[in-house]
Structures are given as C-alpha cells and as structure tokens.
Amino acid sequence: MTTPLQDIPLTRITGESATLADHKDSVLLIVNVASKCGLTPQYDALEALHQRYRDRGFAVLGFPANDFGAQEPGTDAEIEQFCRTNFSVDFPMFAKVAVTGEEQHPLYRALIAAHPKATAKPDSGFRQKLEGYGIKTNPEPGILWNFEKFLIARDGTVAGRFAPDVTPDDTLVTTAIETELAKA
C-alpha cells in the first residue's frame with residue numbers, strides 16, 4: 001500500500017511522469033539541489049552516499065529548485081548535463097520545482113507538513129550566516145536553503161529532515177539512513 005506522499009505526481013528531469021511509489025520499499029533521501037550554490041559540492045557526497053547504500057535499497061533523489069538566490073537558473077536539460085559532467089551524478093534527478101512560496105510543489109508541502117523542523121549541526125549558525133549576508137530566510141517550518149534533506153522510510157513516511165549545512169556524509173545523516181535501512 002502506498003502513502004499519500006508516495007502518490008504525489010512528479011516529473012523526472014528527462015520529462016517522464018513518476019511518483020515516489022516508483023521507489024517503493026526503499027529508503028530515500030530527497031534533496032533540493034542547485035548548481036550555482038556554495039553548497040553545490042555536496043553533489044559529490046550525495047552521489048557517494050547513493051553508491052554506498054543503493055544495493056541495500058536506498059536512493060538519493062535530487063529536486064533542482066531556483067528558490068534561493070536564483071542559484072538554479074538552467075533548464076532541466078542543462079541541469080542534468082551539469083550534474084553528470086561535473087559530479088558524475090547517477091542518482092535520480094527530477095524536473096525543477098519550487099520548494100517555497102505560492103508555487104511550492106505539493107511534494108515539498110507534504111514533506112514540510114510531515115516533518116516541520118530540520119535537524120541542524122550543533123552551533124552551526126547557518127541561518128545567521130545567511131542573514132549576515134543580507135539574505136532573507138524562510139521562518140521554520142519553511143525550507144531554509146538549497147540542499148535541505150528529507151529522509152523517507154521504507155513505508156513512505158518522513159523519518160528525518162536535515163538542514164542544508166548538514167552534509168550528506170555527516171554522521172547525523174548516515175546514522176539515520178543506516179537505522180532506516182536496518183528496519184525490515
């Protein structure tokens with residue numbers, strides 16, 4: 001049986017229709033990504049995570065978004081080419097979506113509703129750093145910035161949420177993934 005989250009219509013970066021149910025019984029890490037962000041190097045760690053755990057029923061799913069500082073201005077084809085050429089991304093990528101505002105994609109609306117607070121690095125100060133640069137940030141529960149991560153359990157429920165500066169290889173993330181993968 002699928003959860004409502006798994007039934008939300010999505011579009012792959014190549015234009016095909018999809019849903020999270022295509023990854024039924026898998027543990028997923030959903031990430032809003034951007035090509036021109038200071039956090040863009042996280043693509044390397046995301047791909048490494050995908051490769052490390054994929055044989056155990058895990059996948060990273062990338063959702064390009066241009067919501068923060070216009071840091072994902074390209075077309076879906078340009079984004080796909082950038083990710084493959086610069087980071088050898090093999091994990092599934094989806095069409096560009098809005099993760100904030102009135103045009104917010106239903107997937108992100110559901111993810112935020114299911115898990116309103118992101119786990120942050122202790123004493124990270126990431127929000128304050130952004131605000132120090134004059135960047136207006138979304139109040140919680142909104143998405144703070146590019147590369148915020150949602151962990152989806154095998155049953156399709158949201159098992160965790162991580163702030164943008166919590167890197168994919170941080171023990172906060174890998175421990176949560178391993179915990180979900182260990183569940184039958």
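Order 18-29, 79-90 from most to least packed using the mean count of other Cβ atoms within 10 Å.
With the highest mean Cβ count within 10 Å placed first, the list reads 18-29, 79-90.
Given the peptides 167-177, 135-145, arrange them by the average over their residues of other C-beta atoms within 10 Å, most packed first.
Top of the packing list down: 167-177, 135-145.
Under the rule of at least 5 residues apart or a separate chain, name every residue whose amide H is placed under 5 Å from the amide H of residue 8.
Counting only residues 5 or more places away or on other chains, the set is 20.
Using 7 Å Cα-to-Cβ label points, what is the residue 174/residue 84 separation (nm, one decimal)?
Reported label-point gap for residue 174 and residue 84 is 2.9 nm.
Taking R0 as 22 Å, what's the FRET efficiency between residue 138 and residue 70 from their Cβ-Cβ distance, rounded to 0.05?
For residue 138 and residue 70, the calculated efficiency is 0.90.
For residue 77 and residue 22 in the same chain, what is the full-extension length gain: residue separation times 0.36 nm, less their Cα-Cα distance, in nm?
That pair, residue 77 and residue 22, stretches by 17.6 nm at full extension.
Would you compute, from DSSP H runs of 4+ residues alone, the mean residue ellipticity of the chain at 222 nm, taking -39500 (n - 2.57) per run and dividing by the full residue count, rounded to the nearest 500?
-8500 deg cm²/dmol
Can you give the relative contact order of the chain as a percent, counting alpha carbon pairs under 8 Å and 6+ residues apart?
This gives 28 percent for the chain.
Report the number of Lys pairs in the stretch 5-182 whose alpha-carbons are under 17 Å apart, with separation of 8 or more residues or on distinct chains.
Here the count comes out as 5.
Under 15 Å from a point placed 7 Å out from the Cα of residue 48 along the Cα-to-Cβ direction: which residues of the stretch 157-176 have their backbone N that close?
Answer for this model: 166-175.
Read-outs: derived from the displayed coordinates by stated rules, not from any lab. Please read all numbers here as calculations on a predicted model, not as lab measurements. Neighbour counts are summed over all protein chains in view; Cβ atoms, including those assigned to glycine, are modelled from backbone coordinates with ideal geometry.
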